[in-house]
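Everything below concerns the one structure shown next.
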Amino acid sequence: MSLSQADVTTERPPYAAWIRSSNNITQQFLSIGGQPDIVSLAGGLPAAELYPVEAIKQASARALDRWGATALEYGPVEGLPALRAAIAARMSREHGRRFEVENILLTTGAMQGLDLIGKVLIDPGDLIVAQFPTYLGALDAWRTRQPAYRKLTWDLDDPDLLAAMRKAKFVYCVPNYSNPTGALVPQNARGGLLSRAVEAGTWLVEDDPYLPLQLDGAAGASILAADAATRRHGTYDGPVVYLGTLSKSVAPGLRVGWIVAEPKLIQLLALAKQCSDLSSSMFSQAVALEYLESGAEAELTARTIACYRERRDALCAAAQAHLGEWFEWEVPPGGMFLWARAKSRDFDTNALYSFALQEKVAFVPSSVFDPDGALTSAMRLNFTRNAPDRLAEGVLRLRRAVQAYLAASKVRV
Ligand SMILES: Cc1ncc(COP(=O)(O)O)c(C=O)c1O
């Protein structure tokens, strides 16, 4: 049988519907970061000059000597067993009880952890109670699953919140130096959230990439640790699903992250991971293991904290001098971001953004951290990527952008 001309079609099936509700904001910010004439206060990038290039070179050589072809092989979906055991030991040290390897799944960055959680827990229309404003990457990761959101604003006595939690598939929060606000959730609020999640019988996802970046004293105990304290014996089987990563304390290019959770959930997440990427890079995991075993991370973290503290202070001082008329903020006690809120609720940072690009400075408008896109009066400024003089230059440019925006708009300040 031969096809006639009429049977041949150049029409191809349309793209999936969810992609229309997505955006390439993160790609844009990453590409702006690579343009030297723009001061990017946008991306969530570490200081590249701190990346331990020499130590990673040596760790790579040691990894190949130790693991040979295994380091270049497909690996177990749960991760390189020796690294899995090292992360179990690290979690046990940091979070106050013993975690078994069965509690750990190694992932390609914490971002994959978010993706896998979406695949395993969310069906279309399911409810997520999420700390607000919400990490853009989490909203991105879950968009394909089409969830509904209830904003968690820490008013823990609100009866509606408990009702929402009873219906929710999980609660999502970033208690340490949240992205985007840099806020540290107080211990009593962490405890309150945990007890309500336990009462509601839902999962509690604690995303903790900024734990190492404690600029002003200790972060305090994690929600995982608070829950672990009530479950001292046996294998951990609580409701907390904890995400960790080496992206902020070593280097994001390693793409080494992990999930801690009860073993049954870990098995399901591993099944989802198998369907996603078979396994994370064995080479990267082997290098990360060598690096961690060398003990170099503590010294690097201390240097990183000193550098970021200076940069945070430089950004805050410049912002106070040049943006204080229009914006207010709390000095972030850790992490990577300053969250500047406009004093006028009419101020629209989406509109400001194009004026900023004309002045060759970039920031992240608040709307992308709102599942509804309705929060338009704030912006996220990163202080870790640029040296203090460049941060000051960025803020001066931003001041000019604000002046141009106000001159062109009807906003009253
Ligand atoms: C709150 C939060 N979760 C997860 C991630 C993803 O981290 P990773 O580089 O480990 O994928 C980030 C990255 O900035 C983040 O801010």
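The values are calculated or read from the model by the stated rules, or taken from the named source; none is laboratory data. Here the structure is a predicted model, which is why all the values come from computation and not from measurement. All Cβ positions, glycine included, derive from the backbone under ideal geometry; neighbour counts span all protein chains shown.
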Given the options A318, A302, name the one that is closer than 30 Å to V101 by Cα, of a type in the set (G, A, S) and more than 16 Å from the ligand (Cβ to nearest atom).
A302
Residue check, A219 within 16 Å of the ligand (Cβ to nearest atom) and over 23 Å from D372 (Cα atoms):
yes
Which of the residues belonging to the range 241-263 are crowded, with 24+ Cβ neighbours inside 10 Å, within 9 Å of the ligand (Cβ to nearest atom) and of a type in the set (G, A, S)?
G244, G257
Would you pick out the residues in the range 178-201 that are part of a helix (DSSP H, G or I) and among the small types (G, A, S)?
A189, G191, G192, S195, A197, A200
Return the residues of the range 99-114 that are part of a helix (DSSP H, G or I) and in contact with a strand residue (DSSP E or B) (Cβ under 8 Å, 6 or more places away or on another chain); say none if nothing qualifies.
N103, G109, A110, M111, Q112, G113, L114
Tally of residues being within 22 Å of L152 (Cα to Cα), part of a loop (DSSP other than H, G, I, E, B) and within 19 Å of the chain's Cα centre (by Cα) across the range 337-371
2
Tally up the residues in the range 47-103 that are surrounded by 15 or more Cβ atoms within 10 Å (Cβ to Cβ), out of contact with any Asp or Glu (no Cβ under 6 Å at 6 or more places or on another chain) and farther than 30 Å from L265 by Cβ, please.
9
Among the residues of the range 130-137, are any in contact (Cβ under 8 Å) with a residue 24 or more places away in the chain, within 13 Å of the ligand (Cβ to nearest atom) and in a helix (DSSP H, G or I)?
yes
Flag for L30 being within 16 Å of the ligand (Cβ to nearest atom) and either exposed (fewer than 15 other Cβ atoms within 10 Å of the Cβ) or under 30 Å from S354 (Cβ atoms) (or both):
yes
Away from the ligand (no atom under 13 Å from the Cβ), assigned to a loop (DSSP other than H, G, I, E, B) and in contact with a Phe, Trp or Tyr (Cβ under 9 Å, 6 or more places away or on another chain): which single residue out of G96, G79, G75 fits that description?
G79
Please tell me if D207 is surrounded by fewer than 24 Cβ atoms within 10 Å (Cβ to Cβ) and out of contact with any helix residue (DSSP H, G or I) (no Cβ under 6 Å at 6 or more places or on another chain).
no
Scanning the range 296-315 for residues that are over 22 Å from the mean Cα position of the chain (by Cα) and part of a helix (DSSP H, G or I), which turns out farthest from L396 (Cα to Cα)?
E299
Any chance you could count how many residues in the range 195-216 are more than 11 Å from the ligand (Cβ to nearest atom) and aromatic (F, W, Y)?
1
Could you please give the count of residues in the range 379-413 that are under 12 Å from L323 (Cβ atoms) and assigned to a strand (DSSP E or B)?
2
For the range 153-177, enumerate the residues that are touching a Ser or Thr at 6+ places or on another chain (Cβ under 9 Å) and part of a helix (DSSP H, G or I).
L161, M165, R166, K167
Qualifying residue in the range 266-285 (condition: outside any helix (DSSP H, G or I), away from the ligand (no atom under 16 Å from the Cβ) and surrounded by fewer than 20 Cβ atoms within 10 Å (Cβ to Cβ)):
yes
Please work out if E49 is more than 16 Å from the ligand (Cβ to nearest atom) and over 30 Å from P124 (Cβ atoms).
yes
Would you mind finding the one in S354, S377, S367 that is free of Cβ contacts under 8 Å to residues at least 24 places away in the same chain, surrounded by fewer than 23 Cβ atoms within 10 Å (Cβ to Cβ) and touching a Ser or Thr at 6+ places or on another chain (Cβ under 7 Å)?
S367
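So how many residues does the range 226-253 have that are out of contact with any strand residue (DSSP E or B) (no Cβ under 9 Å at 6 or more places or on another chain) and farther than 18 Å from V205 by Cα?
The total comes to 8.
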So P186 passes all but one of these: (1) closer than 24 Å to A340 by Cα; (2) at pLDDT 95 or above; (3) within 16 Å of the ligand (Cβ to nearest atom). Which condition number does it fail?
(3)
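Filter the range 155-176 down to the residues that are hydrophobic (A, V, I, L, M, F, W, C) and surrounded by fewer than 18 Cβ atoms within 10 Å (Cβ to Cβ), then identify the one that is farthest from the ligand (Cβ to nearest atom). Break it down into steps so the answer makes sense when it comes.
From the range 155-176, those hydrophobic (A, V, I, L, M, F, W, C) are 156, 161-165, 168, 170-171, 173-174; that's our starting set.
Imposing the further condition that a residue be surrounded by fewer than 18 Cβ atoms within 10 Å (Cβ to Cβ) reduces the set to 156, 162-163.
Numbers: L156: 21, L162: 25, A163: 27 Å.
The residue in question is A163.
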One residue from A288, A318 being within 30 Å of L116 (Cβ to Cβ), aliphatic (A, V, I, L, M) and modelled with pLDDT of 95 or more:
A288
